[in-house]
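Here's the structure, in structure tokens; my notes come after.
No value in this document is a laboratory result; all are computed from the given coordinates. None of these values were measured; they are calculated from a predicted model. Every residue, glycine as well, gets a Cβ built from its backbone with ideal geometry; the counts of neighbours run over all protein chains shown.
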Amino acid sequence: MAESTQYSPPKVWTWTKPSGGTFASINRPVAGPTHEKDLPVGRHPLQLYSLGTPNGQKVTIMLEELLALGHAGAEYDAWLIKIGEGDQFGSGFVAVNPNSKIPALLDRSGSAPIRVFESGSILLYLAEKFGAFLPQDIAARTETLNWLFWQMGSAPYLGGGFGHFYAYAPVKIEYAIDRFAMEVKRQLDVLDRRLDESAYLSGDAYTIADIAVFPWYGGLVKGWQYGAAEFLSVEDYKNVGRWADTILARPAVKRGRMVNRTSGDPSEQLRERHDAGDFETKTEDKLAGVRS
């Protein structure tokens with residue numbers, strides 16, 4: 001009989017070797033800073049430290065939407081955090097987010113800075129601070145928060161689950177890909193059924209729930225996530241597609257998707273944002289300057 005190659009977990013797991021895969025160099029089983037590095041501070045009240053991943057896009061879309069409504073206090077500096085190079089483990093970043101994940105926000109508008117971390121918490125904080133994109137009616141507010149927290153609980157299955165094993169893992173594991181593909185398709189069906197009932201997730205109004213869900217699941221049906229649109233038959237989810245197109249047509253969403261972005265067409269990247277005029281004045285030379 002051939003010897004089985006099935007993995008048998010040890011009685012006590014220890015970190016003895018790199019995990020492999022795209023992010024092996026930054027994966028570790030302990031928290032805290034790895035090096036001393038202060039965070040830069042710009043001139044605006046809100047300082048964002050982030051990267052243009054789906055979680056990062058939630059916050060830059062929200063800030064651009066607030067500015068589009070005329071909330072001058074939502075002006076912000078967006079500093080690029082290069083997670084592949086371990087910027088999130090610098091002492092300054094860890095002080096803002098002890099979990100060492102982007103995005104992290106520092107609100108310096110008051111007498112003492114307020115740190116806000118976790119993308120859902122940042123969206124809720126900004127919605128309450130500026131009184132926008134979160135209904136006041138208790139039923140509508142609760143429905144909005146239902147979908148916001150749905151996203152926070154569901155997206156790890158899409159990103160860390162399906163996305164990791166389908167796109168980033170060093171080996172393709174059929175069981176893992178099948179398991180998470182099944183769950184992602186179930187989640188898309190949840191969204192599609194809801195969006196068959198209403199224009200947006202919480203009803204007729206565009207809210208932080210849509211802002212939270214769009215970069216992940218809207219990006220999936222638009223073909224931006226993991227190169228998996230065909231694999232997951234995303235064209236089957238017509239209502240999600242309609243909703244994604246509606247949100248993508250918003251000018252603030254287009255701007256927000258550009259901020260802190262480091263991949264794709266250079267014309268769609270604004271690696272750091274310190275003024276609204278940056279969207280108009282960026283050039284290849286400017287992008288190159290931010291890289292250095």
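Relative to the Cα centre, the charge distribution of the chain, modelled as +1 at Lys and Arg Cβ and -1 at Asp and Glu Cβ, gives a dipole magnitude of about 600 debye.
Ordered by the number of other Cβ atoms lying within 10 Å of each residue's own Cβ, fewest first, TRP79, TRP15, TRP150 fall into the sequence TRP15, TRP150, TRP79.
For trypsin sites (Lys or Arg not before Pro), the sites in the stretch 142-214 that DSSP calls loop and that have at most 12 other Cβ atoms within 10 Å are LYS172. Its DSSP H runs of at least 4 residues, each contributing -39,500 (n - 2.57), put the calculated 222 nm mean residue ellipticity of the chain at -12000 deg cm²/dmol, to the nearest 500.
Between SER109, SER154, SER50, the GNM of the chain built on Cα springs shorter than 10 angstrom shows SER109 fluctuating the most. Toward the positive end of the charge dipole of the chain, with +1 on the Cβ of Lys and Arg and -1 on the Cβ of Asp and Glu, the farthest Cα among LEU195, GLY84, ALA249 is that of GLY84. Here LYS185 is the anchor, and the lysines within straight C-alpha reach of less than 29 Å, apart from those fewer than 8 places off in the same chain, are LYS58, LYS101, LYS172, LYS222, LYS238, LYS254.
In the chain, taking the dipole from charged Cβ atoms about the Cα centre, the farthest positive-side position among GLY159, PHE231, LEU67 is held by GLY159.
Couplings 3J(HN,Hα) for the stretch 96-107, derived from phi with the Karplus relation 6.51 cos²θ - 1.76 cosθ + 1.60 (θ = phi - 60°), are 8, 9, x, 8, 6, 10, 8, x, 9, 10, 10, 9 Hz, where x marks Gly and Pro.
For SER19, the amide hydrogen comes within under 5 Å of no other amide hydrogen, counting only partners 5 or more places away or on other chains and with H modelled in the peptide plane. For the stretch 267-278, 3J(HN,Hα) computed residue by residue from phi via the Karplus equation (6.51, -1.76, 1.60; θ = phi - 60°) reads 5, 9, 10, 10, 5, 9, 10, 10, 6, 4, x, 4 Hz, glycine and proline entered as x. Please identify the longest segment of the chain free of exposed GluC sites (Glu not before Pro), where exposed means a DSSP state other than H, G, I, E or B and no more than 15 other Cβ atoms within 10 Å. Answer from the scan: 37-229. For the stretch 1-74 versus the stretch 117-183, the spacing of their alpha-carbon centroids is 14 Å. As a length-normalised measure over Cα pairs under 8 Å and 6 or more apart, the relative contact order of the chain settles at 21 percent.
Placing R0 at 22 angstrom, the Cβ-Cβ distance between LYS172 and SER25 gives a FRET efficiency of 0.60 after rounding to 0.05. Note on the chain: antiparallel DSSP beta bridges, both residues inside, total approximately 60 percent of the bridges counted. Estimated translational diffusion coefficient (Stokes-Einstein, Kirkwood radius over Cα pairs, 10 °C, 1.306 mPa s) of the chain: 78 µm² per second.
With q set to 0.18 Å⁻¹, the log10 of I(q)/I(0) for the stretch 1-132, from the Debye formula over equal scatterers at the Cα positions, is -0.98.
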